[in-house]
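A.B. asks: Pasting in a structure now, in structure tokens, and then I'll have a few things to ask.
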């Protein structure tokens, strides 16, 4: 299911900032490899949200080859830090190369392994936690985020409409994971959440308590 009409998607894309050479290379690489990056519309949203709260410490759960990291690294500035995590050494290596060429390597800490375990052992608090891990693991992340995200911080989750599968959920673990995290955030007294229907759905949860 297309969440946004293709013509509207193209219109929104034209409203995003033009890419530099590195971002353009990353977008072309993602398309060629059929790697599901967040794309410039969601990237610009993440950048704006991080800037809006003055974020200086961002933790990414599932960073791939560093496309989302590019946006957050620009948002935090030279004195900020983004923790890039991925289970693949290859993706981490690609991210180092891309972000290094973009002059952003000094703003990023690279970690390889399970993002939940890395977040658990990394000292907080963080201003933003971005979630794009395997969907069946989404619910397990929330208790850790509660311990690591500051009040006034943002928990941003990608793929929260899951190509429309949330409308008629199957019994697959990924859809169940997305739906369970959605339920938990809706019922949470310490977060207020909105779900934005761009790309594959992005939820933004403000930590209020």
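A.B. asks: Please figure out what share of the DSSP beta bridges in the stretch 6-207 is antiparallel and state it in percent, rounded to the nearest 5.
C.D. replies: That works out to approximately 40 percent antiparallel.
A.B. asks: When you count, for each residue, the other Cβ atoms within 10 Å and take the mean per peptide, how do 35-42, 199-206 rank with the highest first?
C.D. replies: By packing density, highest mean first, the sequence is 199-206, 35-42.
A.B. asks: Let me ask something else. Does the stretch 1-94 come out rounded, prolate or oblate, given a ≥ b ≥ c as the square roots of the eigenvalues of its C-alpha gyration tensor, rounded meaning a/c under 1.5 and, failing that, prolate meaning a/b above b/c?
C.D. replies: It is oblate, given that a/c is not under 1.5 and a/b is not larger than b/c.
A.B. asks: Can you sort 157, 46, 165 by how many other beta carbons sit within 10 Å, fewest first?
C.D. replies: 165, 46, 157
A.B. asks: How would you classify the stretch 6-207 from its alpha-carbon gyration tensor, with a ≥ b ≥ c the square roots of the eigenvalues: rounded for a/c under 1.5, else prolate if a/b is greater than b/c, otherwise oblate?
C.D. replies: Cα axes put the stretch 6-207 in the rounded bin.
A.B. asks: Here's another thing I want to ask about it. Given the rule -39500 (n - 2.57) for each run of at least 4 DSSP H residues, summed and divided by the residues of the chain, what is its mean residue ellipticity at 222 nm, to the nearest 500 deg cm²/dmol?
C.D. replies: Counting only the DSSP helices, I get -13500 deg cm²/dmol.
A.B. asks: Something else now. So for 117, 27, fewest C-beta neighbours within 10 Å to most, what's the order?
C.D. replies: Listed from fewest to most nearby Cβ atoms, that is 117, 27.
A.B. asks: When 174, 86 are ordered from fewest to most other Cβ atoms inside 10 Å of their Cβ, what list results?
C.D. replies: If I rank by nearby Cβ atoms, fewest first, I get 174, 86.
Read-outs throughout are calculated quantities, based only on the coordinates presented, and are distinct from any laboratory measurement. Model, not experiment: these values are computed from the prediction. Counting neighbours? That spans all protein chains shown, and the Cβs are built from the backbone with ideal geometry, glycine included.
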